[in-house]
Amino acid sequence: MGKRKIQDEAEVIRWFEEGRTYQWMIDEYRRKYGIDTVSSMWGNFRNRRGLERRITRDDDLIPWFVKVEHRQQYPLVMLRAEARRRDGRELTESSRTRLDSWRRMLAQEDVVVHYDPETADGFSYVPRRAGDHDLIRQPARKTTARRRSG
């Protein structure tokens, strides 16, 4: 069995509690200990220790499997922020301000977010219809990728 890369578990747990990103941890471990790590190592550590997930999953708000090339589109970024807000997580002041402004735009223009993976941009705004009860146009069926359990 190879040498363990985690040098100080209490330190790593503190980093998770502080909200440090995996990239920050990778960089800090390289700087502090001269040890190269990868994101999956930090995610596996979090999972094994039962630490809180770093992201909020909300399949009602983001019911689609989103193609890689669409994952940084602004509507999706805002839907993720809204998911964090609904989950009771704290948002930065900048995120709160952008989210509030974006929600006002949706209301003023009376539009919802639509996702079509076959288009170049993926996300678009479409006029709100009677059946639209949230921020998105619900697809006929959810396509969100689910982790296997067990």
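The values are calculated or read from the model by the stated rules, or taken from the named source; none is laboratory data. Since we're looking at a predicted model, the values are computed, not measured. Virtual Cβ from ideal backbone geometry, glycine too; neighbours counted across all protein chains shown. Areas reflect the complete protein model, heavy atoms only, side chains present, ligands, DNA and RNA absent. Shrake-Rupley method; radii C 1.70, N 1.55, O 1.52, S 1.80 Å.
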Computed for the chain: size of charge dipole around the Cα centre, +1 on C-beta of each Lys and Arg, -1 on C-beta of each Asp and Glu, debye to nearest 20, value 640 debye
At 20 °C and 1.002 mPa s, the Stokes-Einstein diffusion coefficient in µm²/s for the chain, with hydrodynamic radius from the Kirkwood sum on alpha carbon pairs, is 120 µm²/s
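Where does the chain land at 222 nm, in deg cm²/dmol rounded to the nearest 500, when only DSSP H runs of n ≥ 4 count, each adding -39500 (n - 2.57), divided by all residues?
On the way: 5 runs with 62 residues, N = 150.
Mean residue ellipticity at 222 nm (helix-derived): -13000 deg cm²/dmol.
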Sorting S39, W64, L135 by the position of each Cα along the dipole of the chain (Lys, Arg +1; Asp, Glu -1; all at Cβ), the one nearest the positive end of that ordering is S39
Out of L51, L79, L135, a Gaussian network model of the chain with alpha-carbon springs under 10 Å gives the largest mean-square fluctuation to L51
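Using the heavy atoms of the protein chains and a 1.4 angstrom probe, tell me the accessible area per residue for the range 1-123 in square angstrom.
Working: 7790 Å² over 123 residues.
On a per-residue basis, 63 Å².
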GNM on the chain, Cα springs under 10 Å; top mean-square fluctuation among A120, A140, A83 goes to A140
With all protein chains present, the chain has a carbon and sulfur share of its accessible area (1.4 Å probe) in percent of 47 percent
